[in-house]
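Q: Below: one structure in structure tokens.
The values are calculated or read from the model by the stated rules, or taken from the named source; none is laboratory data. The structure displayed is predicted, hence computed values, not measured ones. Here the Cβ is made from the backbone with ideal geometry for all residues, glycine too, and neighbour counts use every protein chain on show.
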Amino acid sequence: MNQQHDDPIEALLRKQFDGSVPDDGFCDRVMQRLPPRRRRSIWPLTAGILAGVGAFWLTMPALHINWVDWIHGELSASIITVMLMTTGMSLLAAWWAMTEADDR
């Protein structure tokens, strides 16, 4: 949904809401028993950024020189390096997303 649809729905829900539902402290007991939230690891993001910057820095001059060859389908070492780095970063991002999804 978007903001245009959310406002009328929220107004309707607020108008119909009578207050909190009595649960004899059930919600409070459940919240106290939940384990603390795990801190997210920042190293995959940092590694991905550094790998991307490193790949760009190493291959940018070669990419400029080999651009025409790449268009014509001739792969050079720099183009293959960029493709491998892009694949590696994509796999790292996919692995990280699956790892974070398992925690929830």
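Q: Take residue 83 and tell me if it is in a helix (DSSP H, G or I) and modelled with pLDDT under 80. Don't jump to the end; show me each part of the working.
A: Working: in a helix (DSSP H, G or I): yes; modelled with pLDDT under 80: yes.
Judged against the criteria, residue 83 is a match.
Q: Would you please name the residue that is farthest from residue 93 (Cα to Cα), looking only at residues in segment 23-51 that are at pLDDT 90 or above and charged (D, E, K, R)?
A: Looking at residues that are at pLDDT 90 or above and charged (D, E, K, R), I get 29.
Q: In segment 22-62, what count of residues is obtained for those that are more than 20 Å from residue 84 (Cα to Cα) and not hydrophobic (A, V, I, L, M, F, W, C)? Even if it seems obvious, please write down each step before you answer.
A: Taking segment 22-62 as the starting set, the residues that turn out to be more than 20 Å from residue 84 (Cα to Cα) are 22-43.
Now drop any that are not not hydrophobic (A, V, I, L, M, F, W, C), which leaves 22-25, 28-29, 32-33, 35-41.
Summing the residues that are more than 20 Å from residue 84 (Cα to Cα) and not hydrophobic (A, V, I, L, M, F, W, C) in segment 22-62 gives 15.
Q: Which residues, counting only those in segment 1-50, are surrounded by 10 or more Cβ atoms within 10 Å (Cβ to Cβ) and not in a helix (DSSP H, G or I)?
A: If the condition is that a residue be surrounded by 10 or more Cβ atoms within 10 Å (Cβ to Cβ) and not in a helix (DSSP H, G or I), then 23, 40, 41 are the ones that fit.
Q: Starting from segment 34-47, keep only residues that are under 14 Å from residue 101 (Cα atoms), then list their pairs with residues that are among the hydrophobic types (A, V, I, L, M, F, W, C) whose Cβ atoms are within a distance under 8 Å, requiring at least 6 positions of separation or different chains.
A: none
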